[in-house]
1. Quickly run through region 132-166 and pick out the residues that are surrounded by fewer than 21 Cβ atoms within 10 Å (Cβ to Cβ) and in contact with a Ser or Thr (Cβ under 7 Å, 6 or more places away or on another chain).
2. Give all pairs with beta carbons closer than 7 Å in which a residue from region 97-115 that is modelled with pLDDT under 95 meets a residue that is in a strand (DSSP E or B); count only pairs at least 6 apart in sequence or on separate chains.
3. I'd like the residue in region 107-133 that is over 16 Å from Q158 (Cα atoms) and aliphatic (A, V, I, L, M) and, out of all such residues, is farthest from the chain's Cα centre (by Cα).
4. Please go through (1) at pLDDT below 90; (2) assigned to a loop (DSSP other than H, G, I, E, B) for A162 and return the number of the only condition it doesn't satisfy.
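The values are calculated or read from the model by the stated rules, or taken from the named source; none is laboratory data. What you see is a predicted model, and the numbers here were worked out from it, not measured in a lab. Neighbour counts are summed over all protein chains in view; Cβ atoms, including those assigned to glycine, are modelled from backbone coordinates with ideal geometry.
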Amino acid sequence: MQESTSASFSSILKRPRLLAAVAALVLLVVVLIAACGGDDASSDAAAPDSTPIETIDTGEDLPPEPDPPEEVTTDETPTETVDNADLPLVKVKGKALKRGMKNKRVNQLQNALIYLAYLEAGSNDGAFGQKTKKAVQEFQLERGLNGDGVAGQKTLRQMNKAVKAAPVGGVVVVASGDAADDGANADAA
């Protein structure tokens, strides 16, 4: 049973949308608890104040007060702005990236896949091997693209868009102990 639970947890971590949904749900629960007064048990036992409130009509029609800006306070790190130069973006122009290639753009692709939790950290060796191909295919299929494992311009544009939309620092994945995608068994292009 424990292996099944860890396998399910691992599959959640590899799905950015599902991970984002779980994180949003946790944040919502924290906000609701904070809005309801947390765990202050004394507030439930106290009797409501029965003092009548007196309203005075001045005869003036006052405009309604504007709603205050919504502010959510959590214990999480505040959102920070990241310059695109700090993000692992992939150069779109050039040949499609596919299995058997080894170059700087493949390394950029792997960095983006790691940032988006499709590859494990340390898998960025610049060689497009089987693990990189599977990661590209998974990315493509989740976005309704042709799941051929070849990173063409359409795939790379979608990947750059996903990197920009991801949380600061990317999605964190705990390594499962698999060897890095070293491309040693890669087929020639």
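1. L145
2. L97/A151; R105/L97; V106/L97; V106/A127; L109/L97; L109/A151
3. A127
4. (2)
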